[in-house]
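Visitor: Sending over a structure as structure tokens; questions will come in a sec.
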Number of protein chains: 2
Amino acid sequence: MSKLSEMGEKEAVRRILAEIAEKESSNAIGPGDDAAAVDMGFIYLVATTDLIAQSTHVLPGMTDWQIGWTVAAVNFSDVAAMGAKPIGLLVSMGLPKDLPSERLDEIVRGILDCCECAGGEMLGGDTKESPELSLSGTALGTVTKKGILLRKGAKKDDLLAVTGSLGLAAAGYQSIKNALGNKRAEKALMEPKPRVREGMSLSASGVVTSCMDISDGLASSVYALAEASHVSFEIDYAAIPVEKEVIEIARKVGMSPEELVLYYGGDYQLLFTLKPEGLSLLSSLLGNSFTVIGKAKAAGENTLIEGSRTIPLENRGYEHFRHG
Amino acid sequence: MSKLSEMGEKEAVRRILAEIAEKESSNAIGPGDDAAAVDMGFIYLVATTDLIAQSTHVLPGMTDWQIGWTVAAVNFSDVAAMGAKPIGLLVSMGLPKDLPSERLDEIVRGILDCCECAGGEMLGGDTKESPELSLSGTALGTVTKKGILLRKGAKKDDLLAVTGSLGLAAAGYQSIKNALGNKRAEKALMEPKPRVREGMSLSASGVVTSCMDISDGLASSVYALAEASHVSFEIDYAAIPVEKEVIEIARKVGMSPEELVLYYGGDYQLLFTLKPEGLSLLSSLLGNSFTVIGKAKAAGENTLIEGSRTIPLENRGYEHFRHG
């Protein structure tokens, strides 16, 4: 009898997906993408759910506002990864009996502020008594049929790109863990910004061939995109945008910056592929808010160029059940 | 500083709704109804979320299949209450580290079976480690703009009606608590059937003026409908369909059947009002699957006719945080 602690979250999800596939022939795209997409005739309705729980996801020092913000942000990030425009959010809250109402108010304010930032509405919720604080969000959005972004679709020779920079949230985690007090990195970790505007622009561009959000780290996302698209990727490490705080914090804690950039999550940036001829169009649309970091090749091993060496990219990242 | 245990779930929800109302002018109908309804142009998208947690909602003897079924059922029940046709369900699962994978499989089977029964798809999910089992569902559906059913809309002289019978789930609760072994009543409690087909028929009829599901008991639902519609209701207790198991179990445990029928929840039937002239049309559509139990009067006190007496209907029902 296997337990979740042995099989890990990905295996749990795989089993569930297999059971669903067996049971019904779905009209929906996904499960398996960042969000499900339901055919509504002329558009797709995009829907995704993600939960955070006090003991496993709430970091020391995290404010109630940040807890609320985060449950909204991680869900809107999945909507963004599909190229969709947010409709809104629903949140089920498991609340301890002795939770002061001021804490609930702050959590709700964080949720509402993130909804406003993402351009979605708080549509509804549910509160129930629970031994520990847990917040489960569901974000909804819409996207044109032509504009939907999926994990599959990348073709050989497409360019691989990311929005923003990588590793800052991981550096924030190390800052907290080692009491380094780097507020900027810690804030990046505890107030992730869903890349909604970027996702909608990628969708509208018509040149993006696949997309997902990087929640569990770049490497594991590259593997997911490669598998869904039946290609492999070659990443140029030197091209990845990394902020100086990441280098500094890595040095202070005796880790390599590569570890934070490649194998930790929390940045909630978008990882996507584009047709090479679409690069200048996308630059016009998005300015310097994205960076090409590699390219797609025929199916095979995912690799990393580090200086003059080309080495295999390891398939690991942050995963629940097995860590922490 | 007030705590949730003092203010109760309804007050927690009221505070959240007040904060939302302050923050934004919503394009959505609700919050405040059984589900939110988002204007999608030619239809409403209906969305609702509800969570169940091991320690507070899972009854002794409940199977994993029943736990999965229930999280789907309570959510589809809210979709049904809006008169909507289900699209599908998303479920976030907080899972203990040592949960055997066979238990997860059974939970998922329960969810999928209820989805099939309700005519919705399992659209997606999320699994996270959590100290106790908690399942948070979000159900989606669509309804025509003309056909949406809300809590408001009842007019003086409208008839008040319920689907099915009342009190059987409450009797099931007493059967478990007192080890009476009444399997039929216990099953009614642990496998609630969302009244999806009935809700869609009520919507299509054009004669139903308000609707909600009875999750926390008839009395508290009557108060909610009365408040939303600015009317009051007179209930004829003798007209309420009550199965013989309810009478028997009430007698065995020394309670009045009225207590189980009026002030306990769990039946997940629909409570609705209809125009008096629509009664025969609705009977043609729904057969004997609903019963008129009272009528709407001008705003004022909600009352109960018991034999020759007319007494006030008490405003109480099952509520989290304050009970159990």
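The values are calculated or read from the model by the stated rules, or taken from the named source; none is laboratory data. Everything quoted here is computed from the prediction, not taken from an experiment. Positions of Cβ are generated from backbone atoms using ideal geometry, with glycine treated the same way; all protein chains shown enter the neighbour counts.
Visitor: Determine, yes or no, whether residue A:219 is touching a residue at least 40 places away in the same chain (Cβ under 8 Å), within 27 Å of residue A:82 (Cβ to Cβ) and in contact with a Gly (Cβ under 7 Å, 6 or more places away or on another chain).
Guide: yes
Each row is one residue, and each column tells you yes or no for (1) under 30 Å from residue B:56 (Cβ atoms); (2) assigned to a loop (DSSP other than H, G, I, E, B); (3) touching a helix residue (DSSP H, G or I) at 6+ places or on another chain (Cβ under 6 Å); (4) of a type in the set (A, V, I, L, M).
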{"site": "A:34", "(1), (2), (3), (4)": "no, yes, yes, no"}
{"site": "A:47", "(1), (2), (3), (4)": "yes, no, no, yes"}
{"site": "A:51", "(1), (2), (3), (4)": "yes, no, no, yes"}
{"site": "A:66", "(1), (2), (3), (4)": "yes, no, yes, no"}
{"site": "A:74", "(1), (2), (3), (4)": "yes, no, no, yes"}
{"site": "A:80", "(1), (2), (3), (4)": "no, no, yes, yes"}
{"site": "A:102", "(1), (2), (3), (4)": "yes, no, no, no"}
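For every residue, the table says whether it meets (1) assigned to a loop (DSSP other than H, G, I, E, B); (2) at pLDDT below 95; (3) surrounded by fewer than 22 Cβ atoms within 10 Å (Cβ to Cβ); (4) in contact with an Asp or Glu (Cβ under 8 Å, 6 or more places away or on another chain).
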| position | (1), (2), (3), (4) |
| --- | --- |
| B:149 | yes, no, no, no |
| B:154 | yes, no, no, no |
| B:157 | yes, no, yes, no |
| B:171 | no, no, no, yes |
| B:180 | yes, no, yes, no |
| B:185 | no, no, no, yes |
| B:188 | no, no, no, yes |
| B:192 | yes, no, no, yes |
| B:204 | no, yes, yes, no |
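Visitor: Right, something else. State whether one or more residues within the range A:246-257 are at pLDDT 95 or above, assigned to a strand (DSSP E or B) and in the same structural domain as residue A:166 (by TED's automatic domain parsing).
Guide: No: zero hits.
Visitor: Which residue is surrounded by the most Cβ atoms within 10 Å (Cβ to Cβ), if the candidates are limited to the range B:54-72 and must be among the hydrophobic types (A, V, I, L, M, F, W, C) and at pLDDT below 90?
Guide: Looking at residues that are among the hydrophobic types (A, V, I, L, M, F, W, C) and at pLDDT below 90, I get B:58.
Visitor: Run down B:262, B:274, B:279 and say which single residue is over 22 Å from residue B:201 (Cα atoms), assigned by TED's automatic domain parsing to the domain that holds residue B:191 and modelled with pLDDT of 95 or more.
Guide: B:262
Visitor: Something else now. For the range A:83-108, how many residues are buried (at least 24 other Cβ atoms within 10 Å of the Cβ), facing chain B (nearest Cβ under 8 Å) and farther than 15 Å from residue A:136 by Cα?
Guide: 1
Visitor: Can you find, within the range A:266-323, the residue that is farthest from residue A:151 (Cα to Cα) among those that are charged (D, E, K, R) and crowded, with 16+ Cβ neighbours inside 10 Å?
Guide: The selected residue is A:322.
Visitor: Just to be sure, is residue B:248 touching a helix residue (DSSP H, G or I) at 6+ places or on another chain (Cβ under 9 Å), on the phi < 0 side of the Ramachandran plot and of a type in the set (Asp, Glu)?
Guide: yes
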